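Reviewing the structure listed below.
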Amino acid sequence: MLYNPLISRMMLPASIPDVSVYHVMYRAGDTVVAGYLAQPKAHRKCPALVYCRGGIHRVGMVQLEWIEHMAACGFVVCAPSYRGNEGGEGQDEFGGADRQDVYGALQLLLHLPQVDAKRIGAIGFSRGAVGAFLAAAETEQIGALVSWGGVVDLHLTYEEREDLRRMLRRVIGHPVKDAHAYMERSALYRATEIKCPILFVQGGCDGQVSSRHPHYMARRLEELGKSYDFWYYPEYGHHFPEAAHYSALSDACHWLKNKLCAC
């Protein structure tokens, strides 16, 4: 049975006139977590997005300007801050129990009268792709997904990011002794469960999440006979220049709308 997880919401100043932005507290399973909600002011049924931020703890916090832009493109957007942040309970587990924060955001969207419940997608940025792909694998709500500089294999992250190894061992475990915990969080090993259209957005100069991630996932999808789209920007890194970022984000929102309308 669906339940309304929203506990409270507080309006925030918006930088775009036709968009409303809120800080929200909501239930994710048995845990109270924080997040953000952005939506067009126009009273009409809209498609919706869960935006899964990157980073962990205070690194990579939700960028309000990004979700406002998605709302200006016609989406109702819910962006979890992940448990343990901004007054939320619990601890971020990098795709462990915190996946419930994403599923709770989906429940929140389903209870908003402005949301078209048949048109819900996800955008996962960097580490956020872990949660977005898990939502696509473990729920029925995700109709299309964008992985933007997204992590698809945490073993590969451990290999490439020496600066993250201590955190990964503390939060997930040892990559050999606890290999299952790494694989269970990684889209590369959950590809058979993911049925929605996928778009990869990747910078060729990304030193934080290399292009090996989307290329490995694309190869796996091809092995399974599944289609995908791949937008490669060879001159950009993990974060695009501002104008290029918002241009690509507008294009990604257009892609999502087309895929969600086709569902």
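The values are calculated or read from the model by the stated rules, or taken from the named source; none is laboratory data. Since the model is a prediction, treat every value here as computed from it, not as a measurement. Cβ: placed from backbone, ideal geometry, glycine included. Neighbour counts: every protein chain shown. Areas reflect the complete protein model, heavy atoms only, side chains present, ligands, DNA and RNA absent. Shrake-Rupley method; radii C 1.70, N 1.55, O 1.52, S 1.80 Å.
All conditions but one from (1) in contact (Cβ under 8 Å) with a residue 60 or more places away in the chain; (2) under 15 Å from the mean Cα position of the chain (by Cα); (3) more than 29 Å from G207 (Cα to Cα) apply to H111; the one that does not is (2).
Can you name the residue in the stretch 1-56 that is small (G, A, S) and part of a strand (DSSP E or B) and, of all such residues, is nearest to G143 (Cα to Cα)?
First, pick out the residues of the stretch 1-56 that are small (G, A, S): 8, 14-15, 20, 28-29, 34-35, 38, 42, 48, 54-55.
Narrowing the set further to residues that are part of a strand (DSSP E or B) leaves 8, 20, 28, 34-35, 38, 48.
Details: S8: 27, S20: 24, A28: 21, A34: 24, G35: 22, A38: 20, A48: 10 Å.
Taking the candidates together, the pick is A48.
Y82 meets each of the listed conditions (1) hydroxyl-bearing (S, T, Y); (2) buried (at least 22 other Cβ atoms within 10 Å of the Cβ); (3) out of contact with any Asp or Glu (no Cβ under 6 Å at 6 or more places or on another chain) apart from (3). When we screen G173, G131, G143 for residues that are part of a loop (DSSP other than H, G, I, E, B), open to solvent by less than 20 Å² (accessible area, probe 1.4 Å) and within 23 Å of A97 (Cβ to Cβ), the only hit is G173.
From the list L156, L168, L164, exactly one residue is free of Cβ contacts under 8 Å to residues at least 12 places away in the same chain, surrounded by fewer than 22 Cβ atoms within 10 Å (Cβ to Cβ) and not β-branched (V, I, T). Which is it?
From the options L156, L168, L164, the qualifying one is L164.
Within the stretch 16-36, being crowded, with 18+ Cβ neighbours inside 10 Å, among the aromatic types (F, W, Y) and touching a Phe, Trp or Tyr at 6+ places or on another chain (Cβ under 9 Å) holds for one residue alone: Y36.
Note on the stretch 180-231: among residues that are part of a strand (DSSP E or B) and open to solvent by less than 10 Å² (accessible area, probe 1.4 Å), the one that is farthest from K257 (Cα to Cα) is G203.
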